[in-house]
Structure formats: C-alpha cells, structure tokens
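J.: Below: one structure in structure tokens.
The values are calculated or read from the model by the stated rules, or taken from the named source; none is laboratory data. This structure is a prediction, so every number in the text was calculated from the model and none was measured. Here the Cβ positions follow ideal geometry from the backbone for every residue, glycine too, while neighbour counts run over all protein chains shown. With ligands, DNA and RNA removed, areas are computed over all heavy atoms of the protein, side chains included. Shrake-Rupley method; radii C 1.70, N 1.55, O 1.52, S 1.80 Å.
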Amino acid sequence: MRTSLMDRRDFLRAAGIGFAAAMAPSAWAKTLAAGAVFATAFLKRDGGFGAAVLSEAGKVLHAIDLPDRGHDVTFDPVSRRSVVFARQPGTFAVVFDHTGHDAPLTIASIPGRHFFGHGVFSPDGALLYATENDFDNAAGVVGIYDARAKFSRVGEFPTYGMGPHELLLLGDGRTIAVANGGIETHPDYGRAELNIGTMKPCYVLVDRVSGDLIEKHELPAALHQLSIRHMDTDQTGTVWFGCQYRGPGTDRPALVGRATRGKDLQLLDMPGDVLSGFRNYIGSVAANDSAGTVAVSSPEGNSLVVIDAASGRVVSTSVLVEVCGLAPDGSGFMATTGAGEIIEGSGAKRSKPDYVWDNHMLRIEQV
C-alpha cells in the first residue's frame, strides 16, 4: 500500500501542541537540582506521543507532546536545549528546553527528505546535524541546521552510503561517524525495506566542515545484510556499534562491533547463548566511561548485555521484556522498556504502565 508524506502544514499545526500541564514548584526545583536527568521519547497507551525528562529515580519531571512517534534525543550543553527526532520516515524534529521555560520549536524536513531519528550538535551549539533520506535518489545525507537562526536548514553533505541511522561527533569536534544501515526505503512504501538482497551497510567518517569522506568501512560480502544502526563512544574514543540482521532468521552473525580510526571494523565474538538471545537485533548501544563498560539491548530478544570495554568480554546479561533505551547511570545503566518499566543503574525498578518507552534514552548532565 502506498502512503504519502504528512502534509507539512498539517504537521506544523500538530506540532504546535504545547507542553504538558505545568509542573509543581517542587518538581521544578528537583529538575534544576538533579545531578543528571534523562530524556526519552514515549507512546502513551491512550494513543498519544511525546518526549519526557526523567529524574535519576525514574520520575517523570517534564513532558512535551509530539504529533507522532519520536525516536532519539540529542542535547546542546551550550544553549541547554534538546531536540527529539521523529522515527523514520518522520518529517519533524522538535526543539525543547528540558526545564520547560521556553516553548518548543518545530523543525520540518524539506521536500524530498525525511529524518532517520538521530542528530548531533556542533561543539559550539551553532549547528545541528541530522541523518536524512534523499529518498528519490536512494542516498543518505546529513542535513545541517543553523541553531542560531531558528534551526533553518543551511545545507547538507552525503553520508557515502544508504540508509544512515545514528551519527556521532567524535572527540576532535570535527569528525562525524555515521552508521549507514544499507537499507533502501521510500516514504511512498512506509517502512518497507526495498533492497534486502543487495544491501551494502558501511561505517564512515566524514569531515563535518567540508563534507569530505575521511574513511569508509564495509562489512565482508557474506555479511552484507548486517545493517549497522546504533553507536556510542567509550572513554578511549573507540566507537561501539550494534547491528540488525536482515538475512535468514536461523543465521547467528556477530551483532556487536567496534571501530578504531585507521583500522578495519572488528566484530565481537560472543557466547552462543548470548548471541541467540538477541534474535538478530540490537536496539541501542551505550557506554559508561566511569565503569569502563558498554551495554547493548535487544527488544526483540528481551535482552540487556553489559560488556567490558577493554577486553570485549560479556560481564552480565539480563532478561527484560522489550528493553531498548539505555544510558549510563552510576556504575551501571538506566534502561527503559516497551512494557513501561524504568530500571535504574542500581537495579531498582519502577513501573509506569501508561507509558511505552521508545528506543533510546539520553543522559543530560546538570552542569
């Protein structure tokens, strides 16, 4: 069934839905005093969509409405603003102040593009970069937005691959890493994957100033259906990535890997039971620098696995129904699930049955 992109005017009207009801003064005080807060998109079981700011204790401190399903959140420590991106093939991103002082601002994708759910700010907060689909040309691009001019779109550069998903700004402040999933999609066909037999996923490094390709790494031909999707960097600057396999369900390829500049991609050997538990799907990747660990989650396999970053050894495994969102928390990880649970780094659980937490979670330091 063919579907069309949401009409831009209808979208902007929908995105004008304001913040949720004002918070009590005590809640505001807790938000401002907290050492860190966490931002994530959600679905309400009554059918609404939004993004929430959670305390370290898993309490909802603030929420905004979204016109449709969100995906990931990025944060600018300079302006103290966050941006939540629409889930592919969404055509919106919403800028919001997580303390609730300023009204949200909607960014609409330009004709011929849609968002892939992820973005990152430049170090000075002046520019926002977002992975996008040039869908008529089946090409990935990074859209560039001027954060100091109401996020007007000022340009783009190629991702040198198809189906870009998550992107990271590396430690030099200039190099952007992009996970090109290799999957062709077009909004006329919803989320249908159109090239499974000819996929070419790759991991690339791009100069965000010039748009030039610095490095490009493809997986072996036998793994051409292993879509590289999500990433995070550990304390050494190594990029960890998680994959989603589009080949036969009986296959058990490696799903977690790491990338070091100037070297080939390295896929991790993991115990067979751990690998089987992922059901060929990694949903989120998060590093905890203070603990020297990396966590990966699989909502398909109800699996959360923590890895020692130095050795690549599996440290722990947990069974959590529809777990996906991950962020460092103390010596562990906060996790959220599609069943409405919030698991703190200490292991304490809170259940919010009215919420279906979406795929990702961002830790925001209150400095």
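J.: Stretched out fully, how many nm does the piece from THR317 to ASN195 gain, at 0.36 nm a residue minus the Cα gap?
T.: Computed gain between THR317 and ASN195 is 40.6 nm.
J.: Then there is this: Take each of the peptides 329-339, 292-302, 257-267, average the number of other beta-carbon atoms within 10 Å over its residues, and list them starting from the highest.
T.: Descending packing order for the listed peptides: 292-302, 329-339, 257-267.
J.: Give me the compactness ratio for region 317-367, meaning the Cα radius of gyration over 2.2 N^0.38 Å.
T.: In units of the globular-protein estimate, region 317-367 measures up at 1.09.
J.: Cβ under 9 Å from GLY143's Cβ, GLY143 left aside: what net charge do those residues give with Lys, Arg +1 and Asp, Glu -1?
T.: 0
J.: Sum up the charges of everything whose Cβ sits under 12 Å from the Cβ of ILE176, counting Lys and Arg as +1 and Asp and Glu as -1, but leave ILE176 out.
T.: -3
J.: Now, a different point. Sort the chain into rounded, prolate or oblate with this rule: let a ≥ b ≥ c be the square roots of the eigenvalues of the Cα gyration tensor; rounded if a/c is under 1.5, and if a/c is not under 1.5, prolate when a/b is larger than b/c, oblate otherwise.
T.: rounded
J.: Going by a ≥ b ≥ c, the root eigenvalues of the Cα gyration tensor, does region 247-367 fall in the rounded group (a/c under 1.5), the prolate group (a/b larger than b/c) or the oblate group?
T.: oblate
J.: Rolling a 1.4 Å sphere over the protein heavy atoms, what is the accessible area per residue of region 56-169, to the nearest Å²?
T.: 32
J.: Between ALA57 and SER152, what is the label-to-label distance in nm when each label sits 7 Å out along the Cα-to-Cβ direction?
T.: 4.6
J.: Between ASP212 and ASP354, what is 0.36 nm times their sequence separation minus the Cα-Cα distance? Round to one decimal in nm.
T.: Stretched fully, the ASP212-ASP354 segment lengthens by 46.6 nm.
J.: Which net charge results when you count Lys and Arg as +1 and Asp and Glu as -1 among the other residues whose beta-carbon is under 9 Å from that of TYR203?
T.: -1
J.: Would you work out if region 217-291 is rounded, prolate or oblate? Take a ≥ b ≥ c from the square roots of the eigenvalues of the alpha-carbon gyration tensor; rounded if a/c is under 1.5, else prolate when a/b is larger than b/c, oblate otherwise.
T.: oblate
J.: Which value in nm describes the separation of the simple spin-label points at ARG261 and ARG174, placed 7 Å from the Cα toward the beta carbon?
T.: Each label point lies 7 Å from its Cα, and together they span 0.9 nm.
J.: Tell me the mean residue ellipticity at 222 nm calculated for the chain from its helices only (DSSP H runs of n ≥ 4, each -39500 (n - 2.57), averaged over every residue, nearest 500).
T.: -1500 deg cm²/dmol
J.: Right, another one. Considering only protein heavy atoms and a 1.4 Å probe, what is the carbon-and-sulfur percentage of the accessible area of region 245-367?
T.: Summing carbon and sulfur atoms, their accessible area is 46 percent of the total for region 245-367.
J.: Where does each of 114-126, 132-144 land if you order them by average Cβ count within 10 Å, highest first?
T.: 114-126, 132-144
J.: Continuing with the same structure: Choose one of HIS98, LEU194, LEU128: the residue whose Cα lies farthest towards the positive end of the charge dipole of the chain (beta-carbon charges +1 Lys, Arg; -1 Asp, Glu; about the Cα centre).
T.: Value computed over the given set: HIS98.
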